[in-house]
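The values are calculated or read from the model by the stated rules, or taken from the named source; none is laboratory data. Remember, predicted model here, so these are calculated numbers, not experimental data. Don't worry about glycine lacking a Cβ; one is built from the backbone with ideal geometry, like all the others, and counts go over all protein chains shown. Areas reflect the complete protein model, heavy atoms only, side chains present, ligands, DNA and RNA absent. Shrake-Rupley method; radii C 1.70, N 1.55, O 1.52, S 1.80 Å.
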Amino acid sequence: MPDRLLLKNLRLMGAEPVDMLIEGGRISQIAAAIAPRTDDTVEHCEGALVLPGLVDAHAHLDKTLWGMPWHPHAQGKSLQQMIDTERSLRHELDMDAARQSARQVTLALSKGTTAIRSHVDIDTDHGLKMFEGVAETRARFADVMQIEIVAFPQSGMMIRPGTVELMDQALRDGADIVGGLDPCGIDRDPKGQLDAVFGLAEKHGKPVDIHLHEAGELGAFSLDMILDRTEALAMEGKVTVSHAFCLGMNDTARVNAQLDRIAALGVSLATTAPASRPVPSVAACRERGIAICAGNDGIRDTWTPYGNACMLERAMLVGLRNNFRADVEVAWALDTCTTDGARVMELDGYGLEVGCRADLVLVEVPALSEAVTQRPPRRLVISGGQIVARDGETLGPWQSA
């Protein structure tokens, strides 16, 4: 990493051109013009638009088949079928978690992502194998990719005895967050699962991030139970509910009441903006100050053939799913993949101001909205003050096998 990296003629979020100096991995100066020193590494940015590092706040690094031979996607469409199929295919396919997660991180860097929250499967078939692989990748890329690991009981907890103990071990070994999954639909024991999830969180002093696919009133029932525990254990600001399809149901009075309670408890939401499911309203969340972040979810895995790790594409999908058209609304969609993602992950020094960690994405478009709608190649990606990708290609030591 150069001692001083000077970026000339760049436009922060599309504003007027400035120069930026990066020292020690952080932004040290922003001015209309900064004279270079002889020892500076200088990048001429030619008026490129600058975004803060993109944040993928809901990923599954252990699941991707990226870089492997194409595998036909022929499973069923129900959640349980997808879970069972994946668990079986892990035995058949060479899905080495360290290698595959490194491939996705390398790809994500090339697209401008500098922080990832990854749910990693913990189950009695594979034990801690996936966690250990992703933890290896987290250590390998620590300088340039901020990775949080959620210990995630994909196959259930109460229905698979021994899973709680494995989750406990993963948290002792360095998992950052306690995960959960559909307390009614998967475990059919909402009290049992949520007691275990929040019990582990209390024991280890960790936050919680629960997948809640349950739709309609069933999902609202589970969400109420999650909020009850959040309040009872004083975990305000430490709980995320991912997907939360129930908050897209037609009963607006029920939804609004839950959103008001979510706001009061500082619970955050994560969305992937799927076309096939109801989703929480980004605008309604913003009105209440609720942090709603976005993520790519699975990328070319046994669940879906789609995905390319591009968080600008995810911002576009958030915009489309929320019917955002005006420039200010498109900016809201981008916020789910930048500032709100950073807020949910509690990233230290995130942003484009002096003193912030130097995580930057440069694209050659005139307007912020066009960065989302056109998703141009990333001219330059800088993470922690290091140039990690240029013209859409990850550089040097961060290229994976």
* To do: Kindly indicate the residue of region 167-195 that is under 23 Å from ALA59 (Cα atoms) and small (Gly, Ala, Ser) and also most open to solvent (accessible area, probe 1.4 Å) among those meeting that condition.
  => GLY185
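Yes/no per residue for (1) within 27 Å of GLU346 (Cβ to Cβ); (2) in a loop (DSSP other than H, G, I, E, B):
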{"site": "ALA108", "(1), (2)": "yes, no"}
{"site": "THR114", "(1), (2)": "yes, no"}
{"site": "VAL120", "(1), (2)": "yes, no"}
{"site": "ASP125", "(1), (2)": "no, yes"}
{"site": "ILE147", "(1), (2)": "yes, no"}
{"site": "GLN154", "(1), (2)": "yes, yes"}
{"site": "LEU166", "(1), (2)": "yes, no"}
* Structure fact -> Here, strands (runs of 3 or more DSSP E) confined to region 288-401 with at least 2 residues that are farther than 30 Å from ALA32 by Cβ are 292-294
* Considering region 132-146 alone, what residues qualify as being of a type outside the set (Gly, Ala, Ser) and open to solvent by 20 Å² or more (accessible area, probe 1.4 Å)? -> GLU132, GLU136, ARG138, ARG140, ASP143, GLN146
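If only one of ASP251, ASP260 is of a type in the set (D, E, K, R), within 27 Å of VAL328 (Cα to Cα) and open to solvent by 60 Å² or more (accessible area, probe 1.4 Å), which one is it? Don't jump to the end; show me each part of the working.
Values: ASP251 fails: within 27 Å of VAL328 (Cα to Cα).
Only one candidate passes the filter, namely ASP260.
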* Using beta carbons and a limit of 9 Å, which pairs, at least six apart or on different chains, have the first residue in region 212-234 and more than 12 Å from ILE262 (Cα to Cα) and without any contact (Cβ under 8 Å) to a residue 60 or more places away in the chain and the second one open to solvent by 40 Å² or more (accessible area, probe 1.4 Å) and aromatic (Phe, Trp, Tyr)? -> GLU214/PHE221
* To do: Kindly indicate whether any position in region 267-281 is in a helix (DSSP H, G or I) and open to solvent by less than 30 Å² (accessible area, probe 1.4 Å).
  => no
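Rundown of residues vs (1) assigned to a loop (DSSP other than H, G, I, E, B); (2) more than 26 Å from the chain's Cα centre (by Cα); (3) modelled with pLDDT of 95 or more; (4) of a type in the set (Gly, Ala, Ser), yes/no style:
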{"site": "LEU5", "(1), (2), (3), (4)": "no, yes, yes, no"}
{"site": "ASN9", "(1), (2), (3), (4)": "no, yes, yes, no"}
{"site": "ALA15", "(1), (2), (3), (4)": "yes, yes, yes, yes"}
{"site": "ASP19", "(1), (2), (3), (4)": "no, yes, yes, no"}
{"site": "ILE27", "(1), (2), (3), (4)": "no, no, yes, no"}
{"site": "ALA33", "(1), (2), (3), (4)": "yes, yes, yes, yes"}
{"site": "ALA48", "(1), (2), (3), (4)": "no, no, yes, yes"}
{"site": "TRP66", "(1), (2), (3), (4)": "yes, no, no, no"}
* **Test set (1) free of Cβ contacts under 8 Å to residues at least 24 places away in the same chain; (2) buried (at least 23 other Cβ atoms within 10 Å of the Cβ) - SER101 fails condition number** => (1)
* What about ILE292, is it more than 30 Å from GLY67 (Cα to Cα), surrounded by 20 or more Cβ atoms within 10 Å (Cβ to Cβ) and not charged (D, E, K, R)? -> yes
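Within region 226-241, which residues are crowded, with 18+ Cβ neighbours inside 10 Å and either assigned to a helix (DSSP H, G or I) or in contact with a Gly (Cβ under 7 Å, 6 or more places away or on another chain) (or both)? Show your work before the answer.
So in region 226-241, the residues crowded, with 18+ Cβ neighbours inside 10 Å come out as 226-227, 229-230, 235, 238-241.
Selection gives ILE226, LEU227, ARG229, THR230.
Quick one: count up the residues across region 205-215 that are β-branched (Val, Ile, Thr) and either out of contact with any Gly (no Cβ under 8 Å at 6 or more places or on another chain) or surrounded by fewer than 22 Cβ atoms within 10 Å (Cβ to Cβ) (or both). Walk me through it before giving the result.
The first filter runs over region 205-215 and keeps only residues β-branched (Val, Ile, Thr), leaving 208, 210.
This time we only want the ones that are either out of contact with any Gly (no Cβ under 8 Å at 6 or more places or on another chain) or surrounded by fewer than 22 Cβ atoms within 10 Å (Cβ to Cβ) (or both), so: none.
Number satisfying all stated conditions: 0.
Quick check on this structure: which one of GLU43, GLU86 is open to solvent by 20 Å² or more (accessible area, probe 1.4 Å) and either in a strand (DSSP E or B) or among the acidic types (Asp, Glu) (or both)?
On the way: GLU86 fails: open to solvent by 20 Å² or more (accessible area, probe 1.4 Å).
Result of the check over GLU43, GLU86: GLU43.
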* Considering region 1-30 alone, what residues qualify as being of a type in the set (A, V, I, L, M, F, W, C), open to solvent by 30 Å² or more (accessible area, probe 1.4 Å) and more than 17 Å from VAL361 (Cβ to Cβ)? -> MET1
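Counting just the residues of region 179-197 that are hydrophobic (A, V, I, L, M, F, W, C) and at pLDDT 95 or above, which one comes out nearest to LEU212 (Cα to Cα)?
Pass one, region 179-197, residues hydrophobic (A, V, I, L, M, F, W, C): 181, 184, 186, 194, 196-197.
Next cut, at pLDDT 95 or above only: 181, 184, 194, 196-197.
Numbers: LEU181: 6, CYS184: 10, LEU194: 12, ALA196: 16, VAL197: 13 Å.
Only one residue tops the list, namely LEU181.
Just to be sure, is GLY112 more than 30 Å from THR304 (Cα to Cα), open to solvent by less than 30 Å² (accessible area, probe 1.4 Å) and not acidic (Asp, Glu)?
Values: more than 30 Å from THR304 (Cα to Cα): no; open to solvent by less than 30 Å² (accessible area, probe 1.4 Å): yes; not acidic (Asp, Glu): yes.
When the stated conditions are applied, GLY112 does not pass them.
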* Structure fact -> Looking across region 312-364 at residues that are touching a Pro at 6+ places or on another chain (Cβ under 9 Å) and of a type in the set (Ser, Thr, Tyr), the single one that is most open to solvent (accessible area, probe 1.4 Å) is THR339
* **Flag for GLU202 being surrounded by fewer than 18 Cβ atoms within 10 Å (Cβ to Cβ) and modelled with pLDDT of 95 or more** => yes
